[in-house]
Amino acid sequence: MADPKGWEPDPQHPRRRPPWIKVKAPSGAEYEKVHELMRSKTLHTVCEEAQCPNIGECWGRGTATFLMMGDTCTRSCGFCDIKTGRPSPLDWAEPNRIADSVRAMGLRHVVITSVNRDERADGGAPIFAMVIKRIRQLQPGCSIEVLIPDFKGNEVALKIVMDAQPEILNHNVETVPRLF
């Protein structure tokens, strides 16, 4: 990213955007390595599913935000690009593939989020606990940040995730229910 300091609009040569806003096309060896890893492990990332314009920058540095429980959300938030519909059944092998990827990437910190799975009474909380435990086994010392759904207010589901002891627990629904 270009340095925004010192940049001023030039009336002689108008630009559509300042240089630090321009996004480079995803490329490079590290980007390709992350892309191939995600495909080989059949994993989803927020970077791809939400069509993040910064994917090249993050993947180019060897980082990604893992998206668990599929690529289809049960909610239809107007501000989100993740597709909505009836999701596939949970893939209980996914925590192993994510942990393998965390180890392969040599991550010291990992961020994991998910789609909402409102069709499940537990909201998918057990799979969050599984991935946290598996990462601890395969990549000791890696700090784990999870961005969890609201679990529709299910405190038992929240306790399942809390008991797995992620270093950071965040909430990934940033709006009021009437906008779901």
- request: Could you grab me the full set of residues in region 81-127 that are surrounded by fewer than 20 Cβ atoms within 10 Å (Cβ to Cβ) and small (Gly, Ala, Ser)?
  value: GLY85, SER88, ALA93, ALA104, GLY106, ALA121
query: Scanning region 105-129 for residues that are more than 17 Å from CYS47 (Cβ to Cβ) and in a helix (DSSP H, G or I), which turns out farthest from the chain's Cα centre (by Cα)?
result: PRO126
message: Consider region 81-103. How many of its residues are without any contact (Cβ under 8 Å) to a residue 12 or more places away in the chain and within 30 Å of GLY141 (Cβ to Cβ)?
response: 1
message: Please count how many residues of region 161-174 are assigned to a helix (DSSP H, G or I) and surrounded by fewer than 19 Cβ atoms within 10 Å (Cβ to Cβ).
response: 2
- prompt: How do the pairs read when you match residues in region 135-149 that are surrounded by 16 or more Cβ atoms within 10 Å (Cβ to Cβ) with residues anywhere that are modelled with pLDDT of 95 or more and acidic (Asp, Glu), using Cβ under 6 Å and keeping only pairs 6 or more apart or on different chains?
  reply: ILE144/GLU167
- request: Just need a number here: residues in region 47-59 that are closer than 17 Å to LEU107 by Cα and either over 13 Å from the mean Cα position of the chain (by Cα) or modelled with pLDDT of 90 or more (or both).
  value: 1
- request: Please verify whether region 66-76 includes one or more residues that are closer than 23 Å to GLU32 by Cβ, modelled with pLDDT of 85 or more and in contact with a Cys (Cβ under 9 Å, 6 or more places away or on another chain).
  value: yes
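The values are calculated or read from the model by the stated rules, or taken from the named source; none is laboratory data. What you are looking at is a predicted structure, and each value in this text was computed from that prediction instead of being measured. Quick reminder, even Gly has a Cβ in these numbers, built from the backbone with ideal geometry, and neighbours come from all protein chains shown.
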